[in-house]
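One structure below.
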Amino acid sequence: MDRFVSGRFYDVMSLRLIAALEDMGVTELIVGRRRHTFLQDESAESLTFKTRGVNFVCYHFGSMTEGTTTPGMGSDIDTLICNDDVNIMSGWPEWERGRENLLMVKHVTCSPQHYRLQEARSDLPLPLTQSCHEFCVTDHDGKIYRSNTFVGQLWRQENADAPYFHAGPSHSFSEMYDFVFAYRCRTLPAECNSWFTRSRHGNWPTPEILQVARELGCFLIPDGHCFSEHNSIEWRLSPSLIERHLMFSMEDIHIQCYVTLKLLKKDTINPYLNGNGKLTSFHCKTALFYAREQLLPEMWTDDHLFDCIIYCLNLLCDWTSRAHCPHYIMDEVNLFDGKLNSEQRDSLHAILTIIIDTHLAPLAVVETDNLGVRLLHNVYTLAIWDMTPRRAVYQGITGFLSVFGNVNQIVNVRLILNDAADLSPDELCLYLHSLITQPLHQLHRHRSEQDLFRLDVVNRDSLIRYLQQHLASTSASICLQRGIQIGDMIWSWYSTAMNTDVSSTRLKLASMLYCKGDLQLAADVLEDVERRYDSTVQAICGCGRMHQLLSKPQETFTEAVNEENIDVLSTNKVAFCVRFLPQEAFCIPQILHYEMVRAVGDDIQHMHRTEREWMKWAVVDSRPFLHYLQYLTFRGLGLRHRQLQALHSLGVSIIDGLDHDQLFHPETAVHLAAHCLEMENEPDLALQGYLGSQSEIPRNNAANWHIRRLTSI
Ligand SMILES: [Zn+2]
């Protein structure tokens, strides 16, 4: 069936496929949300590194950032961490005094994509002649090279008590994440030059794209060639930033073509290969790049999607026949090396031929995201099949992105604050002040990366707000301890930090006002928080108790963010846990002091590594803390009815929070409620509360102190 005969069928099926893909979230809106979330996160991660004095830059690559995934694909998160402390020289003129210098050496044994990195002195532009650390390897030629295995060794040392996953150059503590460490090539390697200059028939990549790509440069990744005898001292060139830029220039139709290829790969092609070799997403992406370059723009229309997919499959088929899958940017590199042997390529060729000859019939049985069913049935049948409607799919993706981005934001703040754990209150103020007032490390961005630069600014402002929250609270704590007046500057820090989220800064302000004795003002602030904290607000915890990838936000939240088209990272819809450092101790009600010393005896030995980072902090979910503070404040104001109302709301917030996964520090919330019962002169009920908390969490729980307190009378 040639195109003339197949035309009508292909047109109809192309449009059905597009509708099905749109139902699965492969649309401009969702792709944009995915990109925004992951680019903002990589900017925030990089900013955190810089703030902590580490010269690393983080990049998210792959399907999550490109937006080329669907919920059913279960894509992992690929992160590259580039160490910019190291100067990677293409020649000796690029040597820099006082820096860690490594020279790129194209050894005769290196493949087109690989280099060795020769160790150089930091005081003189000369090679190192003696090994200076365990990662130096002296080769037969007497030269000293940087080993590529050190990253794995360092990872295992640093994460000794965490699970370890390792594949190629990637290391991880979870199957959902891939971390790759890299160095940045100072200049664009010659291997990429031919891509910029080769003649092209089509109009893509445009001169503008090529110009930007030239500035983005390449990384060197610790990954030797699979067939090399010296692969432990080889480093692989990776133009992943250029590839990402190319993906960002793709339109909906190209993304839909690529996602379909990946779905065929996952559900049809790789199962057919039965574990004998593997077609990768990168092979599919390479086919898309060539197809985008070679096909005329008028072919990339909705009714030609089937034709475009078949064109890509034909490219892959042709490459299997030639036993060479050319890297799009470094075409001498064969992407089949180490992935598929000759027999496996034959199998791949066979299945690709079947898919092409049957006019993509296997799409009808793709189970991922129910693509097959979506493709073959109309909207009424889909309802009978109980297929997730488009709105619910979009909500699910939006919720996932929102949780991921927001949790990471406050994890980053936790890491920065953790560095200051041993400082006195005065030292902490100086430290936070210095972080806020210095230009907070504008990241090095290429002129071409204007969007990322804007994200850097957003993240910097957001980080400043978090730091100001702690600066205000620590400074106020010092004032309350010393009985001095809280100055205008401190009030202004509270004020500018107010929009960290719906509640955490406001609650810290109310807590300080309560401790200061300004009960009416505290009540006003609490009323404001209660008004803002409507049913669409999502509780977010960055203390290791909310899973960044698997936690499901409440439906009212995702509905609001999705339907009202609010930024998925909007702080107007989230309530973070309220964190008090020991240096803020005079701004918290007495009961929370016990949370700062919750480890008793050898409890700490049984504490999870993440929890150990904040073991001296008092951390409480916003909603129960709001009602606890209301209880205290109304009690102080003599408003008995409202006091009892607050106690009731506190109980409801705990039950609702547990029912709807909105409570991440339940033991602390129970302690607050039990303390209210103590104040209600119900010590037996209070004790039951503390005992209940202890039975759920026997160790590292302040309940142990409260039980001792109540039973030792
Ligand atoms: Zn938390």
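Need a quick list: helices (runs of 4 or more DSSP H) entirely within the stretch 155-273 having at least 2 residues that are crowded, with 17+ Cβ neighbours inside 10 Å.
Per the criteria, 207-216, 240-248, 252-264, 270-273.
Test each condition in (1) within 16 Å of the ligand (Cβ to nearest atom); (2) crowded, with 17+ Cβ neighbours inside 10 Å; (3) of a type in the set (A, V, I, L, M) for Leu647 and report the one that comes out false.
(1)
Suppose we filter Ile351, Ile356 for residues that are more than 32 Å from the chain's Cα centre (by Cα) and crowded, with 17+ Cβ neighbours inside 10 Å; which single one remains?
Ile351
Give the number of residues within the stretch 643-700 that are in contact with a helix residue (DSSP H, G or I) (Cβ under 8 Å, 6 or more places away or on another chain), of a type in the set (Val, Ile, Thr) and in a helix (DSSP H, G or I).
Total meeting the criteria: 3.
Return yes or no: is Cys82 of a type outside the set (A, V, I, L, M) and assigned by TED's automatic domain parsing to the domain that holds Thr129?
So Cys82 passes the test.
Which one is nearest to the ligand (Cβ to nearest atom) among residues in the stretch 529-563 that are surrounded by fewer than 16 Cβ atoms within 10 Å (Cβ to Cβ) and within 22 Å of Asp76 (Cα to Cα)?
That would be His547.
Identify all residues within the stretch 297-326 that are aromatic (Phe, Trp, Tyr) and surrounded by fewer than 23 Cβ atoms within 10 Å (Cβ to Cβ); write none if there are none.
Result: Trp300, Tyr311.
Mind listing whichever residues of the stretch 132-143 are without any contact (Cβ under 8 Å) to a residue 60 or more places away in the chain and either surrounded by 19 or more Cβ atoms within 10 Å (Cβ to Cβ) or in a loop (DSSP other than H, G, I, E, B) (or both)?
Residues satisfying the conditions are Cys132, His133, Glu134, Phe135, His140, Asp141, Gly142, Lys143.
Looking at the stretch 575-596, is at least one residue in the same structural domain as Asn700 (by TED's automatic domain parsing), within 15 Å of the ligand (Cβ to nearest atom) and among the polar types (S, T, N, Q)?
No, every residue in the stretch 575-596 fails to be in the same structural domain as Asn700 (by TED's automatic domain parsing), within 15 Å of the ligand (Cβ to nearest atom) and among the polar types (S, T, N, Q).
For (1) of a type outside the set (D, E, K, R); (2) within 24 Å of Pro589 (Cβ to Cβ); (3) more than 29 Å from the chain's Cα centre (by Cα), each residue gets a yes or a no:
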position	(1), (2), (3)
Leu519	yes, yes, yes
Ala522	yes, yes, yes
Glu527	no, yes, yes
Tyr533	yes, yes, no
Gln538	yes, no, no
Arg545	no, yes, no
Leu549	yes, no, no
Pro553	yes, no, no
Phe557	yes, no, no
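Looking only at the stretch 96-117, decide whether some residue is under 25 Å from Glu243 (Cα atoms), acidic (Asp, Glu) and not assigned by TED's automatic domain parsing to the domain that holds Val333.
no
Checking the structure you have, find out if any residue of the stretch 418-437 is at pLDDT below 95, over 15 Å from Ala44 (Cα atoms), within 16 Å of the ligand (Cβ to nearest atom) and not in a loop (DSSP other than H, G, I, E, B).
There is at least one residue in the stretch 418-437 that is at pLDDT below 95, over 15 Å from Ala44 (Cα atoms), within 16 Å of the ligand (Cβ to nearest atom) and not in a loop (DSSP other than H, G, I, E, B).
The values are calculated or read from the model by the stated rules, or taken from the named source; none is laboratory data. Note that this is a predicted model, so its numbers are computed, not measured. In this analysis, Cβ positions are derived from the backbone assuming ideal geometry, glycine residues included, and neighbour counts consider all displayed protein chains.
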